[in-house]
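Asker: Input: one structure, supplied below.
The values are calculated or read from the model by the stated rules, or taken from the named source; none is laboratory data. Since the model is a prediction, treat every value here as computed from it, not as a measurement. Using ideal geometry, Cβ is built from the backbone for each residue, glycine included, and neighbour counts are taken over all protein chains shown.
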Amino acid sequence: MKIFNTLTRKKDEFVPLSDTVKIYACGPTVYNYIHIGNARPLCVFDVLRRYLKYKGYNVKFVQNFTDIDDKLINRAKEENTTVKELAEKYIKEFKTDSDGLNVMPADVHPKATETIDAIIDLVSTLIDKGYAYVAANGDVYFRTLKDKNYGKLCHQPMDELMSGARIEVNDIKESPMDFALWKAAKEGEPFWESPFSKGRPGWHIECSAMIKKFLGDTIDIHCGGEDLIFPHHENEIAQSECANGCEFARFFMHNGYINIDNRKMSKSLGNFFTVREVANLYGYEPIRFIMIASHYRSPINYSKEVIESARAALERLYTCKNNLLFAIDNAKDLPAADLSFIKKATEDFEKAMDDDLNTADAMGVLFTLVKNINGLLACGANRDDLKACYDEFIKLCDVFGLLYEKGDENIDGEIEELIAQRTAARQNKDWTKADQIRDKLKSMGIELEDTKDGVKWRKI
């Protein structure tokens, strides 16, 4: 498998350090509902995790919650609540949306506020090694000029970074590029005791501390959105490698941006949508489909037309699944069919996914498989062949994390009972009753199809 590595700017052969692939993905700052842009790394790197498991790897996946930050402090004041209560509220909401998107929970979901000891230890190490200093006001800053490798992720020399970056300039920093590892608390802010001052961690240091604590000094893959390359991931590399004296992450994977109706998402433009808002209109699964249907490094565009297209594509997948299940239940004793298309689908799927997680091409393989399965269904097949098709189809869908919506068993049971009543009415030539039941099912959003093998139904 080859992965495009932001560090090298090329596709590198992925070979894990050990029998367990160690992955860290930057999680949300929990002061609000996640927006549609946040859904992309969630879904993309969930597929990465699923595919690595599909290939037989053990995976340890860590994703943090930033639960102390200026945004949380300000929002808590606005809502007249505590930072802790605000964070817990939106962690719960995050999990609702994450579950709705069928994202597997991280193996560890550490919080910044629960990693303070590890953060203080890391900051202390950097101070002891001369890579950090305590400012007059109690803040602690990282000395970027001392790190000769600074800028290796964004591939820009220090002078270009200093001239082009939006950086906080103040009199207490030795250099404008120095970034905060620890922030002395202002009046009324939450704080923790430390050797430097009463304060709280900076944004970048929490991820380095969590990675060291839960995954070790060097990890296999660090994931995140393209917007995190600089300064967040650049700063993580600097502080971790200077403190630990070894490579921080061997691969960095970054997903592309999301535009809304071909424009950058922005509250000022009025095109800012949360995942919850979109899911309330269209459901969660079409959102997931959009996020993984394109190559993860390409920008994608969200629009009403795009999500409607995603719903139609999902309907094709669900129809294939339901038709296979119906055919298996009603299979006849027929000769073995040519199933070479299954092996080809597996080979083509893995070839695409092994090429930098090319979900776009892999999705094309899945729909080619659907086309071949539909052809087999039209001709008829024995139960073993149908089950072989079903197993492969579901296995590939599972890598994408699709087809996870389950119907309401009570409603499904009622539908099956009404279909049985209609079948009995037809056998008794009670056409009026049969038509009444069909009309009732139609009013419930259920369409029937009478076939030579029985009655199929689907939601409309």
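Asker: Would you list the helices (runs of 4 or more DSSP H) that sit entirely within segment 367-460 and hold 3 or more residues that are modelled with pLDDT of 80 or more, under 29 Å from the mean Cα position of the chain (by Cα) and surrounded by fewer than 16 Cβ atoms within 10 Å (Cβ to Cβ)? If you could, list the steps in order and put the result at the bottom.
Answerer: Working: elements: 383-400, 409-427, 431-443.
Those helices (runs of 4 or more DSSP H) span 383-400.
Asker: Then there is this: In the list Gly188, Gly199, which residue meets the criterion of being free of Cβ contacts under 8 Å to residues at least 24 places away in the same chain, not hydroxyl-bearing (Ser, Thr, Tyr) and not assigned by TED's automatic domain parsing to the domain that holds Val44?
Answerer: Gly188
Asker: Please enumerate the residues belonging to segment 1-33 that are among the charged types (D, E, K, R) and in contact (Cβ under 8 Å) with a residue 40 or more places away in the chain. Steps first, please.
Answerer: Kept after step one, since they are among the charged types (D, E, K, R), are these residues of segment 1-33: 2, 9-13, 19, 22.
Within segment 1-33, Lys2, Arg9, Lys11, Asp12, Lys22 qualify.
Asker: Suppose the filter is over 20 Å from the mean Cα position of the chain (by Cα) and of a type in the set (A, V, I, L, M); does Ile229 pass it?
Answerer: For Ile229, the condition - over 20 Å from the mean Cα position of the chain (by Cα) and of a type in the set (A, V, I, L, M) - is not met.
Asker: Does segment 338-353 include one or more residues that are among the polar types (S, T, N, Q), touching an Asp or Glu at 6+ places or on another chain (Cβ under 7 Å), outside any loop (DSSP other than H, G, I, E, B) and modelled with pLDDT of 95 or more? Before you say what the answer is, go through the steps one by one.
Answerer: Within segment 338-353, the first condition is being among the polar types (S, T, N, Q), and the residues that meet it are 340, 346.
From what is left, the residues that are touching an Asp or Glu at 6+ places or on another chain (Cβ under 7 Å) are 346.
Keeping just the survivors that are outside any loop (DSSP other than H, G, I, E, B) gives 346.
Still in the running and modelled with pLDDT of 95 or more: 346.
The answer is yes, given that some residue of segment 338-353 is among the polar types (S, T, N, Q), touching an Asp or Glu at 6+ places or on another chain (Cβ under 7 Å), outside any loop (DSSP other than H, G, I, E, B) and modelled with pLDDT of 95 or more.
Asker: Residue by residue through segment 103-160, note down the ones that are in a strand (DSSP E or B) and over 29 Å from the mean Cα position of the chain (by Cα). Give the derivation first.
Answerer: Of all residues in segment 103-160, those in a strand (DSSP E or B) come to 108, 111, 132-134, 140-142.
The answer is Ala132, Tyr133, Val134, Val140, Tyr141, Phe142.
Asker: Can you confirm whether segment 82-98 contains a residue that is assigned to a loop (DSSP other than H, G, I, E, B) and either touching a Pro at 6+ places or on another chain (Cβ under 6 Å) or of a type outside the set (Gly, Ala, Ser) (or both)?
Answerer: Kept after step one, since they are assigned to a loop (DSSP other than H, G, I, E, B), are these residues of segment 82-98: 82.
Right, trim to either touching a Pro at 6+ places or on another chain (Cβ under 6 Å) or of a type outside the set (Gly, Ala, Ser) (or both) and you get 82.
Yes, some residue in segment 82-98 is assigned to a loop (DSSP other than H, G, I, E, B) and either touching a Pro at 6+ places or on another chain (Cβ under 6 Å) or of a type outside the set (Gly, Ala, Ser) (or both).
Asker: Which residue pairs have Cβ atoms closer than 9 Å, lie 6 or more positions apart in sequence or on different chains, and pair a first residue in segment 152-172 that is within 23 Å of Phe248 (Cα to Cα) with a second residue that is at pLDDT below 60?
Answerer: Short answer, once both residue conditions are applied: Gln156/Gly164; Gln156/Ala165; Leu161/Ile167.
Asker: Those residues that are under 25 Å from the mean Cα position of the chain (by Cα), basic (Lys, Arg) and surrounded by fewer than 15 Cβ atoms within 10 Å (Cβ to Cβ), I need them from segment 319-366; list them, please.
Answerer: Lys351, the sole residue that qualifies.
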